[in-house]
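This report refers to the structure that appears directly beneath it.
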Amino acid sequence: MLHKVFRSFCCCLLLILPLRHVSAQQVTWSQHIAPIIHRNCTPCHRHGEAAPFSLVTYDEVAKRANFIKRVTESHYMPPWKPDPHYVTFANERRLSDEEIKLLGDWAEHGMPKGEGEVKEVPQAFVEGTLFHRPPDLVVKMNTAYTLKGDNVERFIVYKLPFEIPDSLAVEAIEFTSNNRKVIHHANYEINDVPDADFNNTADYVDNTESHLDYYQQYVQYRKKMKYFGGWIPGSSYESYPEDIGWVMPKRGVVLLTVHYAPVGKDEEVISGVQFFFRKKPVKRLIRATSYGSGGVGEKEIEPFFYIPANVEKSFKMNVKLTETQSILYVWPHMHLLGQTFKAYAVTPEKDTIRLISIPQWDFNWQEIYWFPKMVKIPKGTILTIEGKYDNTVNNAANPSFPPQLVYGAMRTKDEMMTMIMLSLPYEKGDEEKDVKRP
Ligand code: HEC
């Protein structure tokens, strides 16, 4: 009996030790460091992903221990832009202070390997998909696109037509590419196109300078958009709970926009979108709605949306929402002059629902922020978006030197203040529903 009590007491100690009382010398790869790295860094730092080197094995991590200490202490890695004290998201990527200290202590004490086995390659990382089964449909480019190695940043829109025997309920959707390290971010829209001809337009349009070509070529396909999604390094699939989702049309086209990093040698890229269908019909349709520039409430942006050269300027948009709805994610969007972004909603009872705050906007780390549970927004709520922009030479990201007058439009040199929300009409109990982790 006594023996038993003593044993369980010991177990407790063992559980608590690594977290609380571990002295700096005792921090080891196998016990402390590997789990932190594999959970928080390896999703991007592995073969085929976007980060410049792999962080999987002891050797790969140990030789960069000091570098890792620096980038984690400064919160540069893992990249996470929203203010965690404003809203916490389901896909949050942040290290605790304790984890940061463990990484630092380990670097300072010679990176001990420790005892016990570490599974070097975490099991969840299957090549090809992060979902738990292979895709039912892959819509991708037929031939590889050659990205020129001339160090120019590019935006290319690809036309990817598809046709299936019948429309199907979508359970999950995932961006796919053979060469993610050259991709900064991607977004895609799925359009229902029952009859337009796919053969009389180009396979892709270079959207880097002008948005006009793209409109002229593909406007005929964009009459019935079914879904809109996106990818940045490290993000995985999107999936929807229970009978919630959207319906993949029988015939249509995926318009895939890829933002390429500047590269020094030619690269071949094949990208696309893969779909996972489910048998159960979709009962509750989700829809992505764009607010602000180019979307609902554009005319409510105050003051009028333009930013003269050499000024910092702030804007605000208020729109009244006319239906009680549940939201699954928010996806803020600005271009290179963006400095801060904030969105919240004030209900008719004057309760404030916080949506997102990004205190230091970074064009290269745009992403979709998923709420852990659905968020109810009552009818009559005022949605507010606030954005601040810096069009001076102090903004290192300013694409024009000297700074130029900038209007609201979609080229990277123009500006936007936009937020996309994924929502559906509210039903009782939605606030309790987990939004499946993307
Ligand atoms: C969302 C994807 C992602 C995650 C998660 C991530 N990284 Fe990175 N990391 C990148 C990318 C992309 C780069 C290269 C671009 C850059 O340096 O900004 C990078 C660069 C780095 C660099 C080089 C920085 C420099 O100045 O050159 C280090 C060191 C690093 N990461 C360490 C880590 C560590 C440690 C973690 C986990 C605690 C981590 N990263 C998590 C994507 C990620």
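Values in this text are rule-based calculations from the coordinates and carry no lab data. Note that the coordinates shown come from a computational prediction; the quantities given were computed from them, not determined experimentally. Please note: Cβ atoms are built from the backbone with ideal geometry, for glycine as well, and neighbour counts cover all protein chains shown.
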If we count every other residue with Cβ under 14 angstrom of His335's Cβ, Lys/Arg +1 and Asp/Glu -1, where does the sum land? -1
Given the Cα-Cα distance of Glu117 and Lys148 and 0.36 nm per residue of separation, how much length would full extension add, in nm? 6.8 nm
Given the range 62-202, report the % of alpha carbon pairs whose separation exceeds 18 Å. 75
Tell me, what HN-Hα J-couplings in whole Hz come from the Karplus equation 6.51 cos²θ - 1.76 cosθ + 1.60 at θ = phi - 60° for each residue of the range 327-343, using x for Gly and Pro? 10, 9, 8, 10, 9, x, 8, 9, 9, 7, 8, x, 10, 9, 9, 9, 9
List the chymotrypsin sites (Phe, Trp or Tyr not before Pro) in the range 272-353 that DSSP assigns to loop (not H, G, I, E or B) and whose Cβ has at most 13 other Cβ atoms within 10 Å. Which are they? Phe304
Trypsin sites (Lys or Arg not before Pro) restricted to the range 336-418 and DSSP loop, no more than 13 other C-beta within 10 Å: Lys350, Lys379
Out of Phe162, Gln31, Ala309 - ranked by how far each Cα lies towards the positive end of the dipole of the chain, with unit charges on the beta-carbon of charged residues - the top one is Gln31
Specify the residue with the greatest mean-square fluctuation among Ser167, Ser290, Ser239, computed from a Gaussian network of the chain linking alpha-carbon atoms under 10 Å apart. Ser167
Candidate aspartates and glutamates for bridging to Lys280, where Cα separation is under 16 Å - those fewer than 8 sequence places away on the same chain excluded: Asp136, Asp166, Glu171, Glu242, Asp243
For the chain, what is the mean residue ellipticity at 222 nm derived from helices alone (per DSSP H run of n ≥ 4: -39500 (n - 2.57); sum divided by total residues; nearest 500 deg cm²/dmol)? -3500 deg cm²/dmol
Magnitude of the charge dipole, the range 40-177, Cβ model with Lys/Arg +1 and Asp/Glu -1, debye to 20: 440
What list of ³J(HN,Hα) couplings, whole Hz, do you get for the range 31-48 from phi and the Karplus terms 6.51, -1.76, 1.60, once you set θ to phi - 60° and write x for glycine and proline? 8, 10, 7, 4, x, 5, 5, 5, 7, 9, 10, 4, x, 9, 8, 7, 4, x
Please work out the Cα center distance from the range 305-368 to the range 376-432, rounded to the nearest Å. 5
Can you give me the long-range amide H partners of Thr381? Hydrogens built in the peptide plane at 1.01 Å from N, cutoff under 5 Å, separation of 5 or more residues or another chain. Leu321
In the chain, taking the dipole from +1 charges on Lys and Arg beta carbons and -1 charges on Asp and Glu beta carbons about the Cα centre, the listed residue (Ile190, Tyr369, Asn398) farthest towards the positive end is Tyr369
What is the gain in length, in nm to one decimal, between Ser54 and Ala90 on full extension, counting 0.36 nm per residue of separation less the C-alpha to C-alpha distance? 10.5 nm
Answer in debye to the nearest 20: the dipole magnitude of the chain about its Cα centre, from +1 Lys/Arg and -1 Asp/Glu charges placed on Cβ, is 900
Total charge of the residues flanking Glu163 in space, meaning their Cβ is under 12 Å from its Cβ, with Lys and Arg +1 and Asp and Glu -1, is -1
For a 20 Å ceiling on Cα separation, which of these pairs sit above it: Lys159/Lys265; Lys299/Lys342; Lys316/Lys376; Lys181/Lys265; Lys350/Lys373? Lys159/Lys265; Lys316/Lys376; Lys350/Lys373
What net charge do the residues around Val152 carry, taking every other residue with its C-beta under 11 Å from that of Val152, with Lys and Arg at +1 and Asp and Glu at -1? -2
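Counting other beta carbons within 10 Å of each residue's own, what order do Leu383, Leu424 fall into, fewest first?
Lowest to highest Cβ neighbour count: Leu424, Leu383.
Looking at the chain, I'd like the Rg to Rh ratio, where Rg is from alpha-carbon atoms and Rh is Kirkwood's inverse mean 1/r. Each step should come with its number before you reach the end.
On the way: Rg = 23.7 Å, Rh = 23.9 Å.
Ratio of gyration radius to Kirkwood radius: 0.99.
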³J(HN,Hα) across the range 146-154 via Karplus (A = 6.51, B = -1.76, C = 1.60, θ = phi - 60°), whole Hz, x for Gly/Pro? 9, 8, 5, x, 10, 6, 9, 7, 10
Share of pairwise Cα separations in the range 155-298, more than 19 Å, in percent: 56
Over what distance in Å are the Cα centres of the range 57-81 and the range 93-118 separated? 10
Pick from Asn179, Asn151, Asn394 the residue whose mean-square fluctuation is largest in a GNM of the chain, springs joining Cα atoms under 10 Å. Asn394
Over 23 Å apart: what share of the alpha carbon pairs of the range 18-108 falls there, rounded to a whole percent? 22
Which GluC sites (Glu not before Pro) in the range 153-241 sit in a loop by DSSP (not H, G, I, E or B) and have at most 15 other Cβ atoms within 10 Å of their own Cβ? Glu153, Glu209
